[in-house]
Each structure stands twice: as structure tokens, then as C-alpha cells.
1. Which value in deg cm²/dmol, rounded to the nearest 500, describes the helix-derived mean residue ellipticity at 222 nm for the chain, given -39,500 (n - 2.57) per DSSP H run of n ≥ 4 and division by the residue count?
2. Specify whether the C-alpha gyration tensor of the range 114-168 places it in the rounded, prolate or oblate class, a ≥ b ≥ c being the square roots of the eigenvalues: rounded for a/c under 1.5, otherwise prolate if a/b is larger than b/c and oblate if not.
3. Is there a quick way to get the dipole size of the range 32-143? I mean about its Cα centre, with the Cβ of Lys and Arg at +1 and of Asp and Glu at -1; what is the value in debye to the nearest 20?
4. For the range 254-295 and the range 1-69, what is the centre-to-centre distance using only Cα atoms, to the nearest Å?
5. Assigning unit charges at the beta carbon (Lys, Arg +1; Asp, Glu -1) and nothing else, what dipole magnitude in debye, to the nearest 20, does the chain show about its Cα centre?
6. Which order do ASP92, ASP219 take by accessible area at a 1.4 Å probe, largest first?
7. Classify the range 254-293: rounded, prolate or oblate, from the alpha-carbon gyration tensor (a ≥ b ≥ c, eigenvalue square roots; a/c under 1.5 rounded; otherwise prolate if a/b is larger than b/c)?
8. From the list (i) 68, 37, 33; (ii) 48, 43, 36; (iii) 75, 75, 30, can you say which value of Cα extents along the principal axes in Å was derived from the structure given?
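The values are calculated or read from the model by the stated rules, or taken from the named source; none is laboratory data. Just so you know, these numbers come straight off a predicted model, no measurement behind them. Cβ coordinates were reconstructed from backbone atoms using ideal geometry, including for glycine residues, and neighbour counts include every protein chain displayed. Side chains are part of the model used for accessible areas, which takes the heavy atoms of the whole protein and leaves out ligands, DNA and RNA. Shrake-Rupley method; radii C 1.70, N 1.55, O 1.52, S 1.80 Å.
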Amino acid sequence: MSPSSRSRTVEILSEARYVQAESPRWDGRDGRLAWIDMSTGRLHRGRLDAGKIVPESSVFIGAQIGAPAPLAQPGAGWVVAVDRGMVHVGDDHVVSAVVTDLTAPGDYMNDGGCDPAGRFWVGSQAMPRDPHCSLWSIDADGAPTERLGGVTVSNGLSFDSSGSTLYYIDTLPNRSIEAFDVAPDGELSRRRTVCRVEGGNPDGMVIDQEGMLWVAVWDAAEVRRYSPEGALVETIRLPATRPTAVTLVDRLLVITTASVGLTDPAPADGALLGVQVDVGGTPALPWKGTPETVG
């Protein structure tokens, strides 16, 4: 399959610029968008209105914030990976611990998301950069299970619609998208490489309704669409050098970007970007825990 060369218009959705915006999530409960800024440790929420993101709330979570995931029930808030564990963030902005001390001191949680069974999967990243971190799943009762060891920088992950295949990115050292079979109890098997990502570092990822994988490629100023077999289907050039993650709000591909480490940031660096694509996505899968469970 040859990659598409068709031109698409990339728009700047946010007035704000972030040092390291990450982990955009489409909330199926109310249609809003959530994202984080790793530089400030904050969870942001806003709504899409007339092609722009209108900020509505911002909550400080912690210095080393990772990915958010919605709870299933309206008004039940979010869980957020942060520091060495996971917290619950209520719609009243009250933050309470769910899981602590998953990672070794000095390491911290990074990207994550939920599977169709309602488990929250989240991995950590190593400081210094060597493969001693892990990928965990966290059940609805808050019980964590280590699913994969030898991780260096745990980044994008997406499940197919059945939940039987996990697509996963450990950015370093191989810069690859991998796949695993997932058993009903969450056990991983049959690890294989989907493809190597050239010309930059693969970061956040989302799966669309055709089962294709959209990947933000840090330092490449691109998002790319890959088939489950690893064929590069389409590349979209961006006005920002460091895209960090992606989500689909129907057919609007929302892209978070970073300005961190850039000596001369361009106007779009650190913005949230958007581009209309042909195949839509679905809202972020929810965590099946409840505030009563985690409180």
C-alpha cells in the first residue's frame, strides 16, 4: 500500500500554547476534550466550538503527570496517571490517590488508556534511559498487574475494537510500533513488531474505525497513519516540530504538540492542532472503577 500524498489543511485549535501538551482524550459522556500539560502538571478540559477549543477547567494533578482516562458514569470524573501511580480527579476537582508506588523512585508514569474490559493500562518511563520500567493494567477495584517489563519510555497504546490486540509503543530504543495478543484476563502474548518508525520518535497513538493507527512522530513534524500490518498509509505534515499525541473526535484528528527544548519555537509549537480526515474514531474507552471504589 503506497502512502497518500493528498493535501490536508491543518488548523490551530487553541489560543494557548503549552510547553508539553499530551494525551488528548475525547470524552464520550459529554463530547468534551481533555488533555494534559506535562510541564505544569495540569489536567485541562474544554469544548470544541466553531473550530476552536474553548478551555473550561484546569486542575493541578502533580509534577509528573501522565495520561487521563474518563470513568464510565457521567459526573464521575477521571483517573490520571501521575508520578509513580494513579489518582482520581472528581468533577469537583478533588484529587485522591488510587494506586501509589508502582514505579521505582525516580521513574514516573507516562502514557496510557483503557481496554474494552474497562482496565486502565499505563506504563512508566525510565530515568536514566534504560529498560527497567513496566506496563501495568489497573482493574476497576484499583488492583494493578504488571503486564510487561523491560520498558524504557512507555508511550502510545491502542486496543482494537475487540480488545484482543494491543498496539504499543516503547519509544526507546527501537522506535517501533509493536502488537500483542490480549487474553480475556489481560495476559499478553505473541509479541511482534508492526513496523519501525523512521525519521523521528513515535509518541502518542490512536486507532480509527478502520483499525488504522494514527501516530504522532516527535521531531518529525508529522502524524502518520499505519495499517495494522505496518504499511505507511498517509503522512500529514504539521506546522509544529514536536507532535506528542493524537485523538479522533469523529473525523477531526486532534494533535497535541510541545515547545519544550526548542530554541526558536514556531507559532504553532505547543498548540493543539486539528485536521479533518476521512475515517473517524470513537470516544476514549472508560475505566470501569467508580468514585466509591477508589475513595
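1. Values: 1 runs with 4 residues, N = 295.
Taking each H run of at least 4 residues, the total per residue is 0 deg cm²/dmol.
2. Working: a/c = 2.84, a/b = 1.58, b/c = 1.80.
Taking the square roots of the gyration eigenvalues as a ≥ b ≥ c, the range 114-168 is oblate.
3. On the way: 8 positive and 13 negative charges, 64 e Å.
Result for the range 32-143 is approximately 300 debye, rounded to the nearest 20.
4. Here the two parts' Cα centres lie 4 Å apart.
5. Dipole magnitude for the chain comes out near 480 debye.
6. Details: ASP92 110, ASP219 75 Å².
Listed by decreasing accessible area, they come as ASP92, ASP219.
7. Oblate, since a/c reaches 1.5 and b/c is not below a/b.
8. For Cα extents along the principal axes in Å, the calculated option is (ii).
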